[in-house]
Structures are given as structure tokens and as C-alpha cells.
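Input: a single structure, listed below in C-alpha cells.
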Amino acid sequence: MKKHALLLLSSSLAVATASAVEVSSPSGTVRADFNVENGVPVYSVSYKGEKVVLPSRMGLRLVGADDLTDGFELLGTDTSAFDETWQPVWGESSHIRNHYNELTARLSQPATGRRMDVKFRVYDDGVGFRYEFPQEGRLNYFVIEDERTEFAMPGDITAWWITGDYDTQEYEYNQSRLSEIRAINSNGVEGNLSQTQFSPTGVQTSLQLKTDEGIYLNIHEAALVDYSCLHLELDDKNFVFTSWLTPDAQGNKGHLQTPCTSPWRTLIMSDDARDILASNLVLNLNEPCRYDDTSWIKPVKYIGVWWEMIGHDKPWAYTYDLPSVKLDRVDYSNLKPNGVHPANNDNVKRYIDFAAAHGFDQVLVEGWNIGWEDWSGNKKDYVFDFQTPYPDFDIAMLNDYAHSKGVRLMMHHETSSSVRNYERHMEAAYRLMDKYGYNSVKSGYVGDILPRGEHHYGQWMCNHYLYALTEAAKHKIMVNAHEAVHPTGLCRTYPNLIGNESARGTEYESFVGNSTSHTCILPFTRLQGGPMDYTPGIFENDLSKFNPAKTSHVNTTICRQLALYVTMYSPLQMAADVPEVYERFMDAFQFIKDVAVDWDKSVYLEAEPAAYITAARKAKGSDEWYLGAISADARKSKLKLDFLDPTITYEATIYADAPDAHYLTNPQAYKISKKKVTSKSDLSLNIAPGGGCAVSFKPVVR
């Protein structure tokens with residue numbers, strides 16, 4: 001690993017006049033300006049000399065104390081430079097450069113005797129800044145009423161956004177001018193604003209924007225620890241976003257004690273959309289890995305007993321009977337099985353056999369444990385124990401069977417958001433995983449949070465997610481948390497956070513469908529903070545074949561589903577459809593079997609938010625490359641293959657939409673072709689509406 005120590009900057013990189021100071025990125029492309037104007041901290045950001053964030057105020061309002069918004073003096077500034085190259089445990093690239101210039105503005109509030117610092121790190125692709133509260137002066141314990149960080153936009157620019165909500169990110173993205181957000185939010189594409197949607201101009205981060213001059217700007221946060229999740233509220237007359245934190249049950253936004261810091265507020269920017277996708281700024285703003293030994297953390301390709309319930313409407317529960325006594329005293333041997341419970345011994349063995357035959361690492365099984373008859377909607381405290389299997393799930397036998405085939409089972413912990421109950425059972429549940437050889441868990445947080453009044457994205461829950469993660473690490477367990485807070489790059493510090501849902505995933509194809517633009521915007525927004533367990537690989541679009549009452553349609557072609565394994569980066573990738581469907585399309589399924597889940601290098605070849613993405617990635621420790629291209633609408637393009645090794649001739653296997661393919665009318669039409677290519681070759685793509693293209697490049701064996 002190459003690493004350079006912190007160095008003092010020369011005066012040419014940081015310029016201060018009275019209470020104003022500026023700091024530029026290493027190449028000078030990005031510049032942050034900071035000032036204290038009439039006692040108010042103010043910053044702005046420029047890209048190639050163009051203001052992308054106009055002068056914006058900073059600070060926090062406190063409960064029962066004078067605010068940290070004005071009355072400040074600039075005591076001084078500290079400047080430094082940093083340059084390192086670090087190696088992630090897994091990732092889009094095997095090496096990541098972390099190169100920035102840093103400015104710390106040390107502030108004093110004379111009237112109260114309190115201290116607050118503002119730290120900026122300026123990269124060639126953006127800026128991160130945060131509040132730091134030293135244990136100096138008269139600030140010790142304090143409660144946040146509101147954070148008042150502003151992001152003043154340069155006009156009525158275009159935004160790709162989802163509505164502000166304290167408990168879910170599972171929305172389709174809207175594309176609109178800032179001035180249109182209020183009307184869209186108030187009308188509600190999916191209904192009127194709920195009690196957790198705090199404002200008709202509230203939006204969530206990561207927020208993707210584009211100026212009329214063609215500059216792409218992304219607003220998010222990094223290193224969300226012991227703090228509340230960031231939302232943004234828009235002043236749609238002046239086009240100024242102001243930070244809005246998720247409240248706790250008392251309405252407060254955070255309880256802190258010095259010394260402490262806020263998360264980083266992040267701004268990624270470029271005049272090329274591909275640079276937004278390639279940015280590592282959010283990861284770089286997180287602390288290095290906390291674990292000395294990471295040998296147990298491995299990327300995973302898996303299948304599972306899941307789509308049968310989601311897409312085919314089979315039950316998670318063993319019986320249709322409702323237990324009449326509390327969970328810890330239920331005798332399931334006296335209850336009649338419903339006969340269609342998918343998490344049964346024979347069915348799970350079928351998945352294990354399929355996984356073993358096709359090279360998959362693990363098999364997820366949902367609905368294996370008692371409690372599903374009465375789990376949702378009743379806000380029960382004691383609901384699951386995460387240890388007791390149903391009578392038709394022989395946990396010892398099935399794990400032995402899986403291990404004999406070179407496969408592991410993946411644990412499932414649905415908490416139903418009874419978080420105190422999960423923490424009550426967590427240690428015993430992890431010990432059970434140790435006993436049977438599980439090394440990964442998919443956890444879920446469906447429903448309203450218990451304790452009552454807390455939200456999924458408040459400080460209390462953010463601390464819980466991290467607690468579950470660090471406790472899992474003690475047992476060498478990897479975590480894939482669904483319905484959790486949006487990721488903020490913590491997978492760098494805690495790489496056993498191998499995936500999250502935290503957005504609208506494939507399951508919505510079974511509910512109401514996802515738009516063809518949805519996976520063309522997620523890499524610009526949700527994936528900025530870390531990988532998503534999107535669960536791609538659905539080959540059967542007509543779900544009425546499994547349940548005649550079902551009317552939803554999976555809005556994709558088969559080739560688009562293949563391409564998602566490349567465009568939707570994750571070290572945790574599921575082949576989400578059922579084995580009997582894949583057996584009908586084994587030639588296309590070959591790409592899912594072949595494609596890697598860990599990479600040495602990634603290159604973004606084409607991109608435009610919500611329109612199209614083309615990415616190519618080199619498999620870790622291999623000369624093989626994989627390419628994925630998706631488009632919301634029909635699209636043609638011609639790609640140069642100059643990312644390939646110039647010394648190697650490759651066999652390209654091209655999985656392409658057929659000429660008459662269409663995500664609605666002919667989604668299963670595809671053609672597979674092969675040809676020899678080199679780094680000097682071109683590749684023509686013809687993508688159907690809602691379609692895609694996937695390509696494997698394997699060195700020709702001479």
C-alpha cells in the first residue's frame with residue numbers, strides 16, 4: 001500500500017484574507033471558499049471556475065441553548081495535503097487513490113465561550129465537509145434541534161430525486177426542475193405525503209442534479225455514525241436546499257457529547273456523467289478498515305428461497321393457523337402445516353443441488369424460523385427468536401447437506417422492526433450461525449420501529465445498524481441489511497457490510513413494477529454510498545404463470561437482467577429467479593454463472609442519469625472482462641474496446657436483445673453470438689426499449 005503523510009500546504013493552495021479562506025483540489029479543478037460573514041459561517045464551491053454551490057450558510061440549532069449558527073469569529077485555519085492509495089477488501093477496483101487538500105477553519109463563539117470547527121477536504125471530483133466539536137470551551141453535552149447546512153443551487157436546475165421520508169427509500173425516482181418538486185410531492189405519484197414525509201419540498205440523498213451548463217452535481221453524506229440521517233428541504237423560490245435530519249421519538253435530531261463530529265456532507269461534481277459513477281469520494285471520506293483480519297470476508301453469488309414468496313405469492317409461514325399463545329410457548333407440532341411453505345427440507349435441498357451444479361456460493365432461505373404467522377402489522381415486541389426452525393426445516397441436516405456439496409446456507413433475520421427484540425436475541429442468534437457454519441446474514445426491518453416513535457433513519461437506529469454489524473464481526477459474519485438507512489461508505493471501515501437494500505429493489509417488479517429508467521438512475525443516487533442487494537436475474541416476466549391472480553409484469557428484457565450484474569455493482573449478487581425458470585434459458589444463464597462479483601478495475605463507457613449506463617469491469621485476479629449496458633429506451637451505440645489488454649486476443653460472447661425484443665411485448669427474445677476481439681476492436685450495441693446487452697471477454701487460449 002502506498003501512503004503519504006499529511007503535509008502542510010503552501011500558501012498557493014490555501015489563501016486566507018481576514019475571515020475568508022479558500023482551498024483548491026490537487027489539480028485546481030474544484031475550489032471551496034469559506035468565510036465568516038457578520039458572524040455566520042458561509043461556504044461556496046466552484047468547478048472549473050463555475051460556481052456550482054452559491055454562498056451557503058452553515059451551523060446547527062440546539063435545544064435549550066444558544067444556536068451554533070451565528071456570533072462566530074475565525075480563530076485561524078490549518079491546511080494540509082494527503083495522498084494515499086489503499087486496497088479495499090472488495091470493490092469496483094483493487095486500488096483506490098485518496099488524494100485531497102484539507103482546510104480546517106477553527107471557530108469561536110465569544111458570547112458563549114464555545115468552539116466549533118469546519119473541516120473541508122477538496123478532491124478533483126468534489127468536496128467533503130463536516131462539523132467538528134472539540135472538547136474545548138463550554139460545549140459538552142448538546143441536543144440538535146436542526147442542522148442548518150445550506151446548499152444554494154445555481155438556479156432552477158434539473159434533479160433526480162425521491163421524496164423525503166424517515167422510514168423508506170423504496171420510491172421510483174422523479175426527474176424534474178427544482179421548481180416542480182413541490183407539485184410532484186404534493187400530488188404524490190404513490191399517494192399523498194405521510195407523517196414520515198416531512199415536507200412537500202423534502203427530498204432524500206443521494207440527490208443527483210444537473211445544471212443547464214452540463215455540470216453534474218451529487219449531494220450526499222459520508223461516515224454516518226452516531227448521528228441522524230440527512231435529508232434536504234428545498235426553498236423552491238430561491239433554490240436553496242437546507243439539511244433536515246430525521247427526528248427521534250421526542251422530535252430531537254441528535255444527542256451528542258464532545259469531542260464529536262457530524263458526518264461528512266459530500267458534493268461530487270463533473271461535466272461528464274461517467275465521473276459521477278466512477279467517484280470514490282464517499283468511500284475515501286470514511287475511516288480505514290477497523291479489522292486486522294479480513295480473510296473471512298468474501299464476495300458472494302447466491303440463489304435462494306425468496307422469489308417464490310415475493311413473485312409467486314407463496315407464504316413465509318408454516319401454517320395458516322394463528323398461534324393463540326406467545327411465541328416463546330408455541331408448540332408448532334400441534335399446528336396444521338399449510339402444505340405450500342417453501343422453506344421445507346425437500347425444496348431447500350433442490351436449491352442446494354442447483355447451487356452446487358452451477359457454482360453458486362450460498363443459498364438464502366427465508367421463512368425458516370417460527371413466528372411468521374403473526375409477524376407484521378401488530379407491532380409485537382417479542383416476535384421472532386431467530387433460533388427455532390419450523391418443523392419442516394431441519395437446520396442441522398440441511399447445513400450438513402449444503403456443506404457436503406460445497407455450498408453454504410445464508411441466514412435470514414427478519415426483525416419486523418422490533419429492534420429491542422433483535423438485540424435481545426442477537427448474540428444467541430449469531431452463536432447459532434457459528435454452530436451450523438453460516439457466515440452471512442440477510443437482516444430485515446419491515447414495519448414501524450419498536451421502540452415506538454423511533455424512525456428507521458434516526459440516530460438511535462443508525463447506531464443499532466452499526467451495533468449489529470460490529471457484533472456480527474465478532475463472529476466473522478457478513479451482513480446484508482434490508483430496510484436500513486442509506487449507505488454512506490461505512491463498508492470501507494466495516495467491510496463485513498457486504499450489501500444493503502435501502503432502495504426500491506427487484507421485489508417491486510412483483511408489486512407494481514419498476515420503470516425502465518429505475519436502474520439507470522440508482523448507480524447515480526443510491527449506489528453512491530455503497531453496494532445494493534438489488535436481486536437481479538428475473539427471466540420470467542409474466543408472473544401470472546405462477547399465480548393467475550397476479551397482474552404485475554417484470555419490466556425488463558432478459559439481456560437487461562444480465563447487464564445489471566455489471567452496471568449495478570455489488571459484491572453480493574443474487575440470481576433471484578427460481579431454478580425451473582433458469583432451466584429454460586440455460587444459454588443466457590451462463591452469463592450469470594460466469595460473471596465475477598469482485599473486480600480489479602472498472603471503466604464507465606457511457607452514462608446519462610435515468611437514460612443509459614454502460615460499464616466494463618475486469619475480474620479480480622483474472623484477465624477476463626465483463627460488460628453491461630442498459631437503457632431506458634431503445635438505443636444504439638458503438639464502443640471502443642480500448643480498455644482491454646492490448647497484448648491479449650479475447651473471445652467476446654455477446655448476449656444481445658433480439659431485433660424484435662421489447663420489455664413489454666417480447667422480453668425473452670435474445671441472441672447470443674461470439675467473435676474474436678482486441679483492444680483495437682469496436683463493438684456495436686442495439687438495445688431494445690427497456691433492454692440491455694451483456695458481454696464476457698475471455699482470453700483466447702492458444
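The values are calculated or read from the model by the stated rules, or taken from the named source; none is laboratory data. These figures come from a predicted structure and were not determined experimentally. So basically every Cβ, Gly included, is an ideal-geometry build from the backbone, and we count neighbours across all protein chains shown. Please note that ligands, DNA and RNA were not included when accessible areas were found on the heavy atoms of the full protein model with its side chains. Shrake-Rupley method; radii C 1.70, N 1.55, O 1.52, S 1.80 Å.
The table below gives the values:
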{"quantity": "Members of the range 237-260 that are touching a residue at least 40 places away in the same chain (Cβ under 8 Å) and under 18 Å from GLU150 (Cα atoms)", "calculated": "ASN238, PHE239, VAL240, PHE241, THR242, SER243, TRP244, LEU245, THR246, LYS253"}
{"quantity": "Close pairs (8 angstrom Cβ cut-off, 6 or more residues apart or separate chains): closer than 24 Å to TYR401 by Cα and modelled with pLDDT of 95 or more in the range 332-345, open to solvent by 30 Å² or more (accessible area, probe 1.4 Å) and outside any loop (DSSP other than H, G, I, E, B) anywhere", "calculated": "ASN345/MET397"}
{"quantity": "The range 93-130: number of residues that are out of contact with any Pro (no Cβ under 9 Å at 6 or more places or on another chain) and farther than 19 Å from ASN38 by Cα", "calculated": "14"}
{"quantity": "Residue identified as under 21 Å from the mean Cα position of the chain (by Cα) and over 22 Å from ARG526 (Cβ atoms) among ASP226, ASP212", "calculated": "ASP226"}
{"quantity": "Pairs where the first residue, in the range 113-136, is assigned to a loop (DSSP other than H, G, I, E, B) and the second is open to solvent by less than 20 Å² (accessible area, probe 1.4 Å) and among the aromatic types (Phe, Trp, Tyr), C-beta under 9 Å, 6+ apart", "calculated": "ASP124/TYR100"}
{"quantity": "Only listed residue being among the small types (Gly, Ala, Ser), in contact with a Ser or Thr (Cβ under 9 Å, 6 or more places away or on another chain), under 19 Å from ILE498 (Cβ atoms) and open to solvent by less than 10 Å² (accessible area, probe 1.4 Å), chosen from GLY458, GLY444", "calculated": "GLY444"}
{"quantity": "Filter result for the condition that a residue is touching a residue at least 24 places away in the same chain (Cβ under 8 Å) and either aromatic (Phe, Trp, Tyr) or out of contact with any helix residue (DSSP H, G or I) (no Cβ under 9 Å at 6 or more places or on another chain) (or both), over VAL603, VAL700, VAL695", "calculated": "VAL700"}
{"quantity": "The range 140-189 - residue that is surrounded by 21 or more Cβ atoms within 10 Å (Cβ to Cβ) and among the aromatic types (Phe, Trp, Tyr) and, of those, nearest to TYR508 (Cα to Cα)", "calculated": "TYR173"}
{"quantity": "The range 81-103 - residue that is of a type in the set (Ser, Thr, Tyr) and touching a Ser or Thr at 6+ places or on another chain (Cβ under 8 Å) and, of those, farthest from ASP146 (Cα to Cα)", "calculated": "SER93"}
{"quantity": "Strands (runs of 3 or more DSSP E) lying entirely in the range 11-105 (those with 1 or more residues that are touching a strand residue (DSSP E or B) at 6+ places or on another chain (Cβ under 7 Å) and of a type in the set (Phe, Trp, Tyr))", "calculated": "30-37, 40-47, 73-86"}
{"quantity": "Options ALA249, ALA222; residue that is of a type in the set (A, V, I, L, M) and open to solvent by 10 Å² or more (accessible area, probe 1.4 Å)", "calculated": "ALA249"}
{"quantity": "Any hit, the range 389-409, residues being at positive phi and open to solvent by less than 60 Å² (accessible area, probe 1.4 Å)", "calculated": "no"}
{"quantity": "Unmet criterion (only one of (1) open to solvent by 20 Å² or more (accessible area, probe 1.4 Å); (2) under 30 Å from the mean Cα position of the chain (by Cα); (3) not β-branched (Val, Ile, Thr)) for TYR100", "calculated": "(1)"}
